[in-house]
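J.: Before we start, here is the structure in question, set down as C-alpha cells.
Bear in mind that the values in this text are calculations on the coordinates, not laboratory data. None of the values given here were measured: they were computed from a predicted structure. When we count neighbours, we look across all protein chains shown, and the Cβ atoms used for this are built from the backbone with ideal geometry, even at glycine.
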Amino acid sequence: MRRYAARRLLLFIPTMLGLLTIVFFLGRALPGDPAELMLGDNAAPEARAALRRELRLDEPMGSQYVGFLHDLLRGDLGTSMRTRRPVSEELGLAFPMTAELGGAALLLACAAAFPLGLISARRPGSVADRLVGTFTTVGLSLPSFLIGPLLLLAFAVLWPILPVSGSDEPGSLILPAVTLSLPLAAVLTRVVRASLVQEKGRDYLQCARMKGLSESRVYRVHALRNALLPPITVLGLQAGAVLTGAILAERIFRWPGMGSLVITAIKSRDYPVVQGAVIVFALAALLSSLAADLVYAWADPRVRYE
Amino acid sequence: MSETRRKGLALGFIALWAAAALLAPLLAPYPYAATDLSSRLQGPSARHLLGTDDLGRDVLSRALVGGRVSLAVTSVSLALALVLGTLLGLLSGYVGGILDMAASRLVDVLLALPGLLVAIALVAYVGRGFAPLVLALSCTAWVGYARMARSLALSLRERDFVLASRAAGAGPAHILIRHLLPQAAPILAVQAAAGGAGVLLSEAGLSFLGLGVQPPHPSWGEMLASGCDVLLEAPHLALVPGLLIFGAVWALNVLGESVPQDLAPERSARVVAL
C-alpha cells in the first residue's frame, strides 16, 4: 500500500506541473500588454511601469516562469488589482464557503445514492426500483441552474420554511447544497445500482445467506464492499466538478463563495485573482482524483499490485 | 413512453428549434433589444405572448433569438472540437514521438480538470463574446475526440492496408487523410452525437454566469440568470428559458443515445449534467 501511494503521489507532480505551465502560458498569451489591459487606456505611464515590474513582465520568459513557480511555492499568488489585497487572502475568505457547500453536496449525494442504489438493486424491476429510476433520469437531465430556481421558487412561495438567499441564517446551506448534489446523487445512484446488480449471483453471497444472515445484511455488508469501487471512481472524478459547479449554485442562492469572486474578477480583468482561483479549483480536482485512487487501492488490494 | 415516441419527440424538438433559429428575425414580433420601461415584468398577454422582462423587452423575441445563439454556438463548437480533436489525435497516434508525448500530457491534464473550469479560465483570458465562447467550448470538448482518435490511429497504423500504402510510397499526410480518417470517422461521429448535450450545457452555464455572448444580445442562459434575479415577481422569466434549456438538453441526450444504439451499441453513454 505504501509503495503504491508513493508511486501515485510521484505521478501527481508532473500533472500539477503541466497544469501550472498551462496556467502560466494562458496568462502570457493575452492579446496585448496585460498591464495596459488591467489598468485601462488612460493610466499614467509610471503606474503601468510599476505594474509591469510587479508582474515581472520586463523579465525574459524563462525567469518569469521560474519566478511564477517560486512565488507559488511560497504561497504568494500576487495582489488583487481591484482590492489591492493579497490574492491568497481573498481566496482564503471565499474558498472555505465554497468548500462547505461542495462538501455538504458530496455528503448529501452519498447519503442519498447508497440507500437508493441498495433498494433498487435488491429487486430490479420492482416499484421501488422504477421510482428510483425515475429519480435518476430526472436528476441527470436537470442541470443545477435549472433545479436551483425551481427549488428557490418552491421554498420561497409554496413552502416558506427555508432561507432562500445569502449565508447568514442557519438553514441557508440546505437549498444550495441540495441543488448542487442532485445531479451527482443521480449519477452515483445509477453507478451503485449497476455495480451491486453485477455482484448479484456471486457465490460469496450465497455463502453469506447460508450462514443465516438476513437478506439486508447480505447486501449492506457483503455485496456493498465489493461493489464499492465504481462509486469511488465516480466520486473522485466528480468531486472537482461539484466544486466548480458550485459557482452556478452560488449565483442562484447568492452564496458568498468562489463564484462571485471569480465572476467579479473576470469582469474587472483582475487577472491575479482569476489565476489564483483557477489554480485552487484545479488543485482541488486533481487532489480529489488522487484521493479516489488511494481509497480505491485501500478498498481493493488487487489494485496495489498492478 | 416508447423508445420510438421518445426519439420522435426529441427529433421534433430539435427540428422546431432549428427552424425557429433560422427564421428568428422573421418570427420575432419585436426587436430583441427594444426596451419599454412602461411595460416591465408583465405576464403573458396578447401583445406579448410570453410576457416582458425587467427592461420591458419581449420574452418571446428574446427566446427565439437566444435559441439561435445557443444552436449556433453549440454546433460550431462541436464541429470545431471534432475536427481539431480528430486531426491532432490521429496525428499524434500515427506519428508518435515527442509530438505524441506532448499532446498526451496536455490531454491528461485537461481530462483531469472539470470542463466548466477550463471553459471559464479560457473565457477569462480570451474575453467575452461569440468567438471566445466558441473557442472556450471547443477547447474543452476536443480532448475526448483526440484521445479516441489517437487510440484508433495506434491500432490502425499496424494494419496491412496502411503498410501496403506506405510500401507504395505514400507519405504520412496521404495515409492520414485517405486511410486513417475514413476508418475513424464513423466512430468519432457517434462520439460527437453524444457530446452535443454537454456542449449545450456548458454554453448555457457560461451564459448563465454572464460569460457568454454579451448583452443586449440574448441567450437562454443569460435570460435564465436575469430571470433568477426577479424570480419572485415574475417566475415566467426564468421558467421560459429554463424549460427551453431542459428540452434541448433532453432532446440532444435522447438523440445522442440513439445514434450509438443504431450504429455501435457498445458505445452508448449519457452526458452528466452538473
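J.: Between B:ASP108 and B:THR4, take the C-beta separation as r, use R0 = 35 Å, and let me know the FRET efficiency to the nearest 0.05.
T.: Values: r = 41 Å, r/R0 = 1.16.
The formula returns an efficiency of 0.30 here.
J.: Same structure again: With angles folded into 0 to 90 degrees, how steeply does helix A:144-153 sit against the dominant principal axis of chain A? Use alpha carbons for both and round to 10.
T.: Here the helix axis deviates by roughly 80 degrees.
J.: Where a Cα-Cα gap under 17 Å defines reach, which aspartates and glutamates qualify for A:LYS211, not counting those fewer than 8 residues away within the same chain?
T.: Cross-link targets: A:ASP203.
J.: What spacing in nm lies between the two simple spin-label points modelled at B:GLN214 and A:ASP76, each 7 Å away from Cα in the Cβ direction?
T.: For B:GLN214 paired with A:ASP76, the spin-label model returns 3.4 nm.
J.: A further question follows. Cα axis of helix A:258-267 to longest principal axis of chain A: angle in degrees, 0 to 90, nearest 10?
T.: Tilt of helix A:258-267: around 40 degrees.
J.: Which number do you get for Rg(Cα) / (2.2 N^0.38 Å) in the protein assembly as shown? Intermediate values should be presented prior to the final figure.
T.: Details: Rg = 25.4 Å, N = 580, 2.2 N^0.38 = 24.7 Å.
Its radius of gyration relative to the 2.2 N^0.38 Å reference: 1.03.
J.: Could you size up the charge dipole of the protein assembly as shown around its Cα centre, putting +1 on the beta carbon of Lys and Arg and -1 on that of Asp and Glu, and report it in debye to the nearest 20?
T.: Here the size comes out at about 1760 debye.
J.: Separate question: What is the list of residues in region A:103-119 whose amide nitrogen lies under 18 Å from a point 7 angstrom out from the Cα of A:ALA194, following Cα to Cβ?
T.: A:110, A:113-119
J.: Continuing with the same structure: Where does the charge balance sit around B:LEU211 when Lys and Arg score +1, Asp and Glu -1, over other residues with C-beta under 14 Å from its C-beta?
T.: Details: positive: A:ARG251, A:LYS267, A:ARG269, B:ARG128; negative: B:GLU203, B:GLU222.
Taking every Cβ under 14 Å from that of B:LEU211, the sum is +2.
J.: Which of the three applies to chain A, rounded, prolate or oblate, going by the alpha-carbon gyration tensor with a ≥ b ≥ c and a/c under 1.5 meaning rounded?
T.: On the way: a/c = 3.40, a/b = 1.68, b/c = 2.03.
Taking the square roots of the gyration eigenvalues as a ≥ b ≥ c, chain A is oblate.
J.: Pairing the Cα long axis of helix A:2-28 with the longest principal axis of chain A, what angle in degrees results, from 0 to 90 and rounded to the nearest 10?
T.: 40
J.: Defining a contact as two alpha carbons under 8 Å apart and six or more residues distant in sequence, what relative contact order in percent does region B:61-167 show? Each step should come with its number before you reach the end.
T.: Numbers: 95 pairs, mean separation 46.8, N = 107.
Rounded, it is 44 percent for region B:61-167.
J.: OK, next. Just want the answer: with Cβ charges of +1 for Lys and Arg and -1 for Asp and Glu, which residue in B:LEU82, B:ALA63, B:SER92 is farthest toward the dipole's positive end in region B:43-117?
T.: Checked the options; the winner is B:ALA63.
J.: If I model a spin label at A:SER268 and A:ARG217 as a point 7 Å from the Cα along the Cα→Cβ vector, what separation in nanometres do I get?
T.: Spacing of the two 7 Å Cα→Cβ label points: 6.2 nm.
J.: Now, a different point. Among A:TRP255, B:SER104, B:SER219, which residue has its Cα furthest toward the positive end of the charge dipole of the protein assembly as shown, with +1 on Lys/Arg Cβ and -1 on Asp/Glu Cβ?
T.: It is B:SER104, whose Cα lies furthest towards the positive end.
J.: Looking only at other chains, what is the average number of their beta-carbon atoms within 10 angstrom of each beta-carbon in B:99-107?
T.: On the way: counts 0, 0, 0, 1, 0, 0, 6, 3, 0.
For peptide B:99-107, the averaged partner shielding equals 1.
J.: While we're looking at this one, here's another question. Count, for each residue of B:226-235, the Cβ atoms from other chains sitting within 10 Å of its Cβ, then give me the mean as a whole number.
T.: Working: counts 0, 1, 9, 3, 0, 9, 5, 0, 0, 6.
The shielding value for this peptide is 3.
J.: Suppose every Lys and Arg Cβ carries +1 and every Asp and Glu Cβ carries -1, with no other charges. What dipole size does region B:103-224 come out with about its Cα centre, to the nearest 20 debye?
T.: Numbers: 8 positive and 5 negative charges, 80 e Å.
Dipole of region B:103-224, to the nearest 20 debye: 380 debye.
J.: I've got another one for you. Take peptides B:173-181, B:57-65, A:175-183 and line them up by average Cβ neighbours within 10 Å, highest first, as a rough protection proxy. Display every interim value, and only then the final one.
T.: Details: B:173-181: 16.4, B:57-65: 23.6, A:175-183: 26.7.
My ranking of the peptides, most packed first, is A:175-183, B:57-65, B:173-181.
J.: Using only atoms on other chains, find how many Cβ atoms lie within 10 Å of each Cβ of peptide A:134-145 and report the average. Intermediate values should be presented prior to the final figure.
T.: On the way: counts 0, 0, 0, 3, 0, 2, 7, 10, 6, 15, 4, 15.
Mean number of neighbouring Cβ atoms from other chains: 5.
J.: If a/c stays under 1.5 just call it rounded; otherwise compare a/b with b/c (prolate if a/b is bigger, oblate if not). Do that for region B:57-119, with a ≥ b ≥ c from the square roots of the Cα gyration tensor eigenvalues. All intermediate terms of the calculation are to be shown ahead of the outcome.
T.: Numbers: a/c = 7.16, a/b = 2.53, b/c = 2.83.
Oblate, because a/c is 1.5 or more while a/b does not exceed b/c.
J.: Right, here's the next one. Which one, B:ALA121, B:ALA24, B:ALA170, has the greatest fluctuation when you compute a Gaussian network model over chain B with C-alpha springs under 10 angstrom?
T.: Answer for the Gaussian network model of chain B: B:ALA170.
J.: Okay, moving on. Can you check what the net charge comes to around A:PHE95, using other residues whose Cβ is under 14 Å from the Cβ of A:PHE95 (Lys, Arg +1; Asp, Glu -1)? Could you put the intermediate results ahead of the total?
T.: Working: positive: none; negative: A:GLU89, A:GLU90, A:GLU100, A:GLU250.
After counting each charged neighbour, the total is -4.
J.: A further question on this structure: If you take every residue apart from A:GLU199 with its C-beta less than 12 Å away from the C-beta of A:GLU199, what net charge results, scoring Lys and Arg +1 and Asp and Glu -1?
T.: Here the charged neighbours net out to +4.
J.: If you don't mind, another one. In whole Hz, what ³J(HN,Hα) sequence does region A:190-198 give by Karplus (6.51, -1.76, 1.60; θ = phi - 60°), x for Gly and Pro?
T.: For region A:190-198, the Karplus curve yields 4, 5, 4, 4, 4, 5, 5, 4, 5 Hz.
J.: Which whole DSSP H helices in chain B pass both tests: a Cα extent of 30 Å or more along the axis and a mean Kyte-Doolittle value no lower than -0.5?
T.: Values: long enough: B:3-27 (35 Å, 1.04); B:59-95 (52 Å, 1.64); B:130-156 (38 Å, 1.22); B:181-208 (39 Å, 1.15); B:236-263 (40 Å, 1.17).
Span-like helices in chain B: B:3-27, B:59-95, B:130-156, B:181-208, B:236-263.
J.: Let me ask something else. Highest mean first, how do B:220-229, B:159-168, B:122-131 rank when packing is the count of other Cβ atoms within 10 Å averaged over residues? Walk me through the numbers on the way to the answer.
T.: Working: B:220-229: 23.5, B:159-168: 12.1, B:122-131: 19.2.
Highest-to-lowest ranking by the protection proxy: B:220-229, B:122-131, B:159-168.
J.: Give me, ordered by chain and number, the residues 5 or more places off A:THR79 or on other chains with an amide H under 5 Å from its own placed amide H.
T.: Distant-sequence amide H within range of A:THR79: A:VAL87.
J.: Related question: Between B:SER38 and B:VAL230, what FRET efficiency follows from the Cβ-Cβ distance if R0 is 25 Å, with the result rounded to 0.05? Write out the running numbers ahead of the final one.
T.: Values: r = 17 Å, r/R0 = 0.68.
Once the sixth-power term is evaluated, E becomes 0.90.
J.: What FRET efficiency comes out for the pair A:ASN42/A:VAL66, r = Cβ-Cβ distance, R0 = 60 Å, nearest 0.05?
T.: Working: r = 34 Å, r/R0 = 0.56.
With a Förster radius of 60 Å, E is 0.95.
J.: What is the magnitude of the charge dipole of region A:133-251 about its Cα centre, with +1 placed on the Cβ of each Lys and Arg, -1 on the Cβ of each Asp and Glu, and no other charges, expressed in debye to the nearest 20? Don't skip to the answer; put the middle values down first.
T.: Working: 10 positive and 6 negative charges, 142 e Å.
Here the size comes out at about 680 debye.
J.: Highest mean first, how do A:199-208, A:99-108, B:149-158 rank when packing is the count of other Cβ atoms within 10 Å averaged over residues?
T.: Working: A:199-208: 13.0, A:99-108: 20.2, B:149-158: 18.7.
The densest-packed peptide leads the list: A:99-108, B:149-158, A:199-208.
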